[in-house]
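I have placed the structure first, in the form of structure tokens, so that the comments after it can refer back to it.
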Amino acid sequence: MSESYTEPLGQSNAFLDFQETLSRAAEVDRPILLIGERGTGKELAAAKLHYLSQRWRGPLVALNCAALAPTLLESELFGHEEGAFTGAHQRRTGRFEAATEGSLFLDEIAQIPTEVQEKILRVVEYGSFERVGSSQPVQVDTRIIGATNADLPALARQGRFKLDLLDRLSFDVLFVPPLRRREEDILLLANHFAARMAHELGREALPRFSRSAVAQMESYPWPGNVRELRNVVERAVYRSDGPTVDELVFDPFVPPFGTGAGDGIEAQVPSSSSPAGAPGGPDRSLEEAVRDLEVRMIRESLVDARYNQRQAARTLGLTYHQFRGRWRKYREELAAEDE
């Protein structure tokens, strides 16, 4: 494998099942779509698809389709001829040509304009295209790996993504599991990121997390997934004075002196028209209303306590074990609110 390739890290069933699916899909020389939330590691998944495939000796070329203006994306993908537009002083090959006999990873594929989608469809169907400013066909042999967190079928129904292209690219669709579905991997990844940060800082002692820090990490829903976990852990390690990491900051934008009127922090507006503190409308049963109230209060106490479960338990007048029991009971609902 390439020296630049990093093997994904995990031991949870969700992680191992996905890695097995990746390995199986890598063997088939067809386009693959990776669907996953931000920070789940779609780039690593694409790299593994490439390096486990028969194309592993060829190049893996990546392009973030959301990083370029629509007018530049076509030239970046397909190249251009000298004089094709202002500033085109010489011929330039595009990413498709660079990836021939290898793989082309198109991240944020849902952001590609429809006119460029037409040209990609031709490449998928016929293996050829014309550079910008040319009518001469260029032949390529490239495997496309697309990635997005968008609902591509919904975009196709809205006319924003070509259905024909979606059909060609979706030989198989692989869903990258979010970190909240990989609970057993959280501490494993945290220790990995902590050790790497300590090495970067030149510290000899390996960091270790306190029980409180571990509880916070296990209760937090991680909307930013592995990328967010890395940021939180690295921030905590560099701020710690010793090898024990006790304080985690999940939101670095929260002022340390608290918020209040005039702080510039907008208050969250309840989405329901029910009076504040009301458990719900009259169209629900008492059991449903009590459940919703408990979920809301647990969620609010966690946010106020910056996801410190012991502090949240004290706020609610519960013991730590009582709080953990309720948190496990409502874990799915609590995670859903942060998606």
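Here, each number is a calculation from the coordinates, and none is a lab measurement. Computed from a predicted structure; not experimentally measured. Ideal geometry is used to build each Cβ from the backbone, glycine not excepted, and the neighbour counts take in all protein chains shown.
So what is the diffusion coefficient of segment 13-177 in µm² per second by Stokes-Einstein at 10 °C and 1.306 mPa s, using a Kirkwood Rh over Cα pairs?
On the way: Rh = 16.2 Å.
The Stokes-Einstein estimate is 98 µm²/s.
What angle, in degrees between 0 and 90 and rounded to the nearest 10, separates the Cα long axis of helix 225-239 from the longest principal axis of the Cα atoms of the chain?
Orientation of helix 225-239: about 60 degrees from the principal axis.
So how tilted is helix 13-26 from the main axis of the chain? Cα-based, degrees 0 to 90, rounded to 10.
Once rounded, the angle reads 0 degrees.
Under the Karplus relation 6.51 cos²θ - 1.76 cosθ + 1.60, θ = phi - 60°, what is the ordered set of whole-Hz ³J(HN,Hα) values for segment 117-129, x standing for Gly and Pro?
4, 4, 6, 5, 4, 5, 5, 5, 7, 10, x, 8, 6
Any idea what the alpha-carbon Rg over 2.2 N^0.38 Å comes to for the chain? Before the final figure, lay out the partial values.
Working: Rg = 24.4 Å, N = 339, 2.2 N^0.38 = 20.1 Å.
For the chain, the normalised Cα radius of gyration comes out at 1.21.
Kindly provide the helix-only [θ] at 222 nm of the chain, computed as the sum of -39,500 (n - 2.57) over DSSP H runs of four or more divided by all residues, to the nearest 500 deg cm²/dmol? Intermediate values should be presented prior to the final figure.
Numbers: 14 runs with 145 residues, N = 339.
That calculation yields -12500 deg cm²/dmol at 222 nm.
Among the lysines, select those whose C-alpha is under 26 Å from the C-alpha of LYS42, and discard any that sit fewer than 8 residues away in the same chain.
In chain and number order, the partners are LYS119, LYS162.
Compute the distance in nm between two label points, each set 7 Å from the Cα along the Cα-to-Cβ direction, one at GLU118 and one at SER23.
In this crude spin-label approximation the distance works out to 4.4 nm.
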